[in-house]
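Before any comments, here is the structure.
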Amino acid sequence: MRSIIAPAAAIAILAAPAAAQSLEDVAAGSYSLDNNHAFLTWTVVHNGLSDYTVNFTDFDANLDFNPEDPASSSIEVTIDPMEVETNYPGDYKAGHPDSGFESWNEALAKDDRFLNGDEYGEIKFVSTGAETTGDTTGTVTGDLTFLGVTKPVTMDVTYNGITNYPWYDGRDTIGFTATTTISRSEFGQESLAGMISDDVMIEFSGEFLQDQ
């Protein structure tokens, strides 16, 4: 398989133009998240000893981008809390036989101490404003709704560049990374305080494809 995959990957890399950095090259308009090239994680500190990181595996975003005035751009993100990946190999049921959960993924998604996805089936972020802090950096402020509570959150955002993949008919693809830290207790989640940090670091990296 390697002899087939390696040349195919090389062809794809050569066919894709290199990303440019300048915002002047970006077309204004609506962009949708390319879910095949998007990553969203949250991280807490466990017992003060290690970072415990979990991936969201089902989320979407729509971006209205204005390269001439980036601060007027807006974004809306929706996340399914039921779809998480802990990559934790332990047998959750063996250690928690009365929980009713089969895995760590299910426990974090459904347990009312954590994401409580059965009751709150969506996490949502809707931007309310933005500021430019550098040639390729800025902040985006918005309302985050989590566990039925809505609070303002500010994300640090970096614009990573633009490219035009030939298989997308010349439409722009632009990339961003974003980070923020929230206090989970402000959203009503105070479970396992002391064992799990109150601060939750959220990290995003993804590509947005210009709508047709």
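Derivation of every value follows stated rules applied to the coordinates shown; laboratory data play no part. It should be emphasised that the depicted structure is a prediction, and the values quoted were computed from it without experimental measurement. Note that we place each Cβ from the backbone using ideal geometry, even for glycine, and neighbour counts take in every protein chain shown.
Given the choices [x] 1.15; [y] 0.94; [z] 1.06, Cα Rg over 2.2 N^0.38 Å derived from the coordinates of this structure is entry [x]. Summary value for the chain: 24 percent relative contact order, contacts being C-alpha pairs under 8 angstrom separated by 6+ residues. Which of the lysines could be linked to LYS110 by a straight reach, that is with a Cα gap under 19 Å, when you skip same-chain ones fewer than 8 residues away? Qualifying lysines at Cα under 19 Å: LYS93, LYS124. In this Cβ point-charge picture (+1 for Lys and Arg, -1 for Asp and Glu), the range 62-124 has a dipole of about 240 debye about its Cα centre.
Could you tell me which of rounded, prolate or oblate describes the range 25-64, using a ≥ b ≥ c as the square roots of the eigenvalues of the alpha-carbon gyration tensor, with rounded for a/c under 1.5 and, failing that, prolate when a/b is larger than b/c and oblate otherwise? Prolate shape, in that a/c is at least 1.5 and a/b is the bigger ratio.
Shown in residue order for the range 84-96 are the 3J(HN,Hα) couplings computed by the Karplus curve 6.51 cos²θ - 1.76 cosθ + 1.60 at θ = phi - 60°: 10, 10, 8, 6, 9, x, x, 8, 4, 5, 5, x, 9 Hz (x for Gly and Pro).
Sequentially through the range 162-178, phi angles give Karplus couplings (6.51, -1.76, 1.60; θ = phi - 60°) of 9, 8, 10, 5, x, 7, 10, 6, x, 5, 6, 10, 10, x, 9, 10, 8 Hz, Gly and Pro residues having no value and appearing as x. Charge dipole (Cα centre; +1 on Lys/Arg Cβ, -1 on Asp/Glu Cβ; no other charges) of the chain amounts to roughly 500 debye. Just name one of PRO97, ILE196, MET82: the one whose Cα is farthest towards the positive end of the charge dipole of the chain (beta-carbon charges, Lys/Arg +1, Asp/Glu -1). Comparing the listed Cα positions along the dipole, PRO97 ranks first.
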